[in-house]
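A.B. asks: Right, I'll just put the structure down here and ask away after.
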Amino acid sequence: MKRIVVKVGSAVLTQNDRIALNRMRALVDFLAELKKSNEVILVSSGAVAAGYTQVQLDKKIIKNKQALAAIGQPIIMDLYSQKFSFHNIIISQVLVTSANLSKDDDIRRIKNTVDTLLENNVIPIVNENDATSTVELEVGDNDQLSAYITKHTDSDMLIILSDIDAYYDEDPRKNKSAKSIKSLHVIDESELQKEASPHGDFATGGILTKLKAADYLLSNGIDMFLSSGFDLSDIKSYMFDSKQTGGTLFIKEAK
Ligand code: GLU
């Protein structure tokens, strides 16, 4: 049995300042299927965006963003709880800070908690503890957070489900003839130096943070798959039929 971390971003979970309930349901159905033959950990964003559906605070002000996360985190968890209950799956919430991830003792505790949840058939749902993270010390984006969680929980791979359906040789929003890259073994250093270009008001990373996550995992010998969170057919083909119909596989060595 493999241990798989799946990360889903705010752009997938929300649409026009509302929670995208159909997409969330499709995600949960996919995770329930995946869980039949794997251990599954979910890293879910969407706290700040969900908070904004209730109280429209200016999220550029840090204390507002933290308050929005505090409002939105239970909303997201409540929705997951309802949707997973259709599959008789119990969920749990694991909130971590960047400070946790820099201390060996805390990392061990996170792993022990996640191990215990998985042993008991419970899905851990991880997010950064945005309400208490300080700006200087925040991980900041869940792409990198999910890469750290993948490594520190001894997981076999990370799946990032995003509004970006693959990594392209050029920016597909600027160049219509950009081609998606099927698989990659090394990330060019110059790509990692570029500026972040998040899509949407609540997205944090864009492609840059995904490349950083992939780079970190590749250097630790762990695979990562980037594919669409809007249409799950590529990730389903890859995971359930071992066929790659889309998305980008970041993989240490050619198989
Ligand atoms: N932790 C933030 C949230 O749940 C999201 C960070 C990110 O977009 O990567 O809203």
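The values are calculated or read from the model by the stated rules, or taken from the named source; none is laboratory data. As the structure is a computational prediction, the values presented were derived from the model and not from experiment. As a convention, Cβ positions derive from the backbone with ideal geometry for all residues, glycine included, and neighbour counts pool all protein chains shown. Calculation scope for accessible area: heavy atoms of the full protein, side chains included, ligands and nucleic acids excluded. Shrake-Rupley method; radii C 1.70, N 1.55, O 1.52, S 1.80 Å.
A.B. asks: State whether the residues of the stretch 151-164 include one that is under 30 Å from Q15 (Cβ atoms), charged (D, E, K, R) and within 16 Å of the ligand (Cβ to nearest atom).
C.D. replies: For the stretch 151-164, residues under 30 Å from Q15 (Cβ atoms), charged (D, E, K, R) and within 16 Å of the ligand (Cβ to nearest atom): present.
A.B. asks: Related question: Report, by residue number, each residue of the stretch 107-150 that is open to solvent by 20 Å² or more (accessible area, probe 1.4 Å), among the hydroxyl-bearing types (S, T, Y) and within 15 Å of the ligand (Cβ to nearest atom).
C.D. replies: T132, T134, Y148
This table checks each residue for (1) in contact with a Ser or Thr (Cβ under 9 Å, 6 or more places away or on another chain); (2) at pLDDT 95 or above.
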residue	(1), (2)
A178	no, no
A203	yes, no
G206	yes, no
S227	yes, yes
L232	no, yes
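A.B. asks: Moving on. Identify, please: which residue in the stretch 62-81 is more than 14 Å from the ligand (Cβ to nearest atom) and modelled with pLDDT of 95 or more and is, among those, nearest to V28 (Cα to Cα)?
C.D. replies: Ranking the qualifying residues of the stretch 62-81, first place goes to S81.
A.B. asks: Looking at the structure I just gave you, is Q93 open to solvent by 30 Å² or more (accessible area, probe 1.4 Å), within 16 Å of the ligand (Cβ to nearest atom) and in a strand (DSSP E or B)?
C.D. replies: Taking the combined requirement at face value, the residue satisfies it.
A.B. asks: I've got another one for you. Could you list all residues from the stretch 9-47 that are closer than 20 Å to S85 by Cβ, among the hydroxyl-bearing types (S, T, Y) and either more than 16 Å from the ligand (Cβ to nearest atom) or in contact with a Phe, Trp or Tyr (Cβ under 6 Å, 6 or more places away or on another chain) (or both)?
C.D. replies: Passing the criteria: none in range.
A.B. asks: Would you please name the residue that is nearest to K179 (Cα to Cα), looking only at residues in the stretch 151-163 that are assigned to a loop (DSSP other than H, G, I, E, B) and open to solvent by 20 Å² or more (accessible area, probe 1.4 Å)?
C.D. replies: D163
A.B. asks: Has the stretch 50-61 got at least one residue that is within 13 Å of the ligand (Cβ to nearest atom), among the small types (G, A, S) and buried (at least 21 other Cβ atoms within 10 Å of the Cβ)?
C.D. replies: There is at least one residue in the stretch 50-61 that is within 13 Å of the ligand (Cβ to nearest atom), among the small types (G, A, S) and buried (at least 21 other Cβ atoms within 10 Å of the Cβ).
A.B. asks: For a quick check of your reading of the model, give me the residue pairs whose first member lies in the stretch 125-154 and is under 15 Å from S45 (Cα atoms), whose second is open to solvent by 50 Å² or more (accessible area, probe 1.4 Å) and among the aliphatic types (A, V, I, L, M), with beta-carbon atoms closer than 8 Å and at least 6 apart or on different chains.
C.D. replies: V126/L95; N127/L95; E128/L95; N129/L95; D130/A70; A131/A70
A.B. asks: Test F84 against the criterion of being within 22 Å of I149 (Cβ to Cβ), of a type in the set (F, W, Y), under 16 Å from the mean Cα position of the chain (by Cα) and modelled with pLDDT of 95 or more, and give yes or no.
C.D. replies: The answer is no for F84.
A.B. asks: L79 - would you say it is in contact (Cβ under 8 Å) with a residue 12 or more places away in the chain, closer than 24 Å to T153 by Cα and out of contact with any His (no Cβ under 9 Å at 6 or more places or on another chain)?
C.D. replies: No: the conditions fail for L79.
A.B. asks: What are the pairs, 6+ residues apart or on separate chains, where a residue within the stretch 9-26 that is more than 25 Å from A147 (Cα to Cα) has its Cβ under 9 Å from a residue that is acidic (D, E)?
C.D. replies: The qualifying pairs are D17/D201.
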